[in-house]
Amino acid sequence: MVENDATRLALKSELLQCIDKLGLQQSLFPIPDESIDKLVRHLESINPIPHALQANYLPSLFGNWQLVYASQGTIVTRQIASIPDFWGAIKIKRVWQTLASGSNTRNILASNSAQLELPILGEWQLQANGHWKWGTDEKTATVSFNSFSIQATKPFGLSNWSFPELKIPVLEFLQKEALWITSYLDEEIRIGRGATDNLFVFRREVTPSI
């Protein structure tokens with residue numbers, strides 16, 4: 001156990017260093033890095049919490065998590081990457097996920113958010129709200145979203161002005177479900193995989209104490 005803990009700490013340190021070297025703009029676009037994927041697979045093999053969706057581990061999932069790496073990009077960054085000459089034109093400021101307790105022990109409220117800086121238009125925030133649900137498999141959940149929102153947080157670069165949030169509900173029959181596997185969890189990082197094996201690495205955001 002002590003040996004595994006030491007190995008995990010060393011792997012985590014190396015993983016975060018590799019991600020930092022990529023920089024946020026590259027680490028979230030669909031440009032997979034085999035060295036990072038290899039480190040992640042090694043970490044997953046010594047996962048200290050193999051069933052992260054067990055009731056007693058759920059508090060470890062709750063909170064804000066910054067997305068620091070996506071092997072095949074995200075829905076937002078894949079769309080941006082399809083735009084000719086997108087590099088430098090659209091800047092990713094931050095991508096994060098917020099998880100909170102749901103209506104029962106097999107339900108988690110999930111909010112996926114992205115903050116972008118657009119040419120001329122300034123800073124905008126996109127958000128998708130939904131939930132995770134799971135059954136006897138306490139590692140794999142189905143994820144669906146029931147609303148999306150968009151808001152100009154610094155329109156035209158004006159920091160003292162913002163537009164109201166525009167929220168768009170998704171009708172129940174249009175809501176689609178996707179599989180999500182939490183393949184690694186500890187106090188600092190979380191790793192998830194989508195149905196297409198898209199790999200996501202999150203780092204916990206710690207609120208500074210006053």
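Summary table below
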| quantity | calculated |
| --- | --- |
| Length-normalised contact order for the chain - Cα pairs under 8 Å, 6+ apart - percent | 19 |
| Solvent-accessible ranking of 20, 37, largest area first, probe 1.4 Å | 20, 37 |
| Exposed chymotrypsin sites (Phe, Trp or Tyr not before Pro) absent: longest stretch of the chain, with sites in DSSP loops and at most 16 other Cβ within 10 Å deemed exposed | 88-155 |
| Sum of -39500 (n - 2.57) over DSSP H runs of 4+, divided by residues of the chain (222 nm, nearest 500) | -6500 deg cm²/dmol |
| Contact order relative to length of the stretch 140-205, as percent, for alpha carbon pairs under 8 angstrom and 6 or more apart | 27 |
| Set of lysines near residue 12 by C-alpha distance (under 22 Å), chain-local residues within fewer than 8 positions excluded | 21, 38, 139 |
| The stretch 142-198: trypsin sites (Lys or Arg not before Pro) in DSSP loop, at most 14 other beta carbons within 10 Å | 176 |
| Mean projected area in nm² (Cα convex hull; one quarter of hull surface) for the chain | 14.0 |
| Separation of alpha-carbon centers, the stretch 87-127 and the stretch 3-49, rounded to whole Å | 22 |
| Solvent-accessible area per residue for the chain (1.4 angstrom probe, square angstrom) | 56 |
| Relative contact order (%) - criterion: Cα under 8 Å, at least six apart; region: the stretch 79-179 | 19 |
| Accessible surface of the chain [probe 1.4 Å, protein heavy atoms]: carbon and sulfur percent | 58 |
| Protein-only accessible surface order, largest first, of 182, 196, 136 at 1.4 Å | 136, 196, 182 |
| Charge dipole magnitude, Cβ of K and R +1, D and E -1 - the stretch 1-59, Cα centre, debye nearest 20 | 80 |
| Overall form of the stretch 153-210 per C-alpha gyration tensor (a/c, 1.5; a/b vs b/c) | oblate |
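The values are calculated or read from the model by the stated rules, or taken from the named source; none is laboratory data. What you see is a predicted model, and the numbers here were worked out from it, not measured in a lab. Please note: Cβ atoms are built from the backbone with ideal geometry, for glycine as well, and neighbour counts cover all protein chains shown. Surface areas here come from the heavy atoms of the whole protein model, side chains and all, with no ligands, DNA or RNA. Shrake-Rupley method; radii C 1.70, N 1.55, O 1.52, S 1.80 Å.
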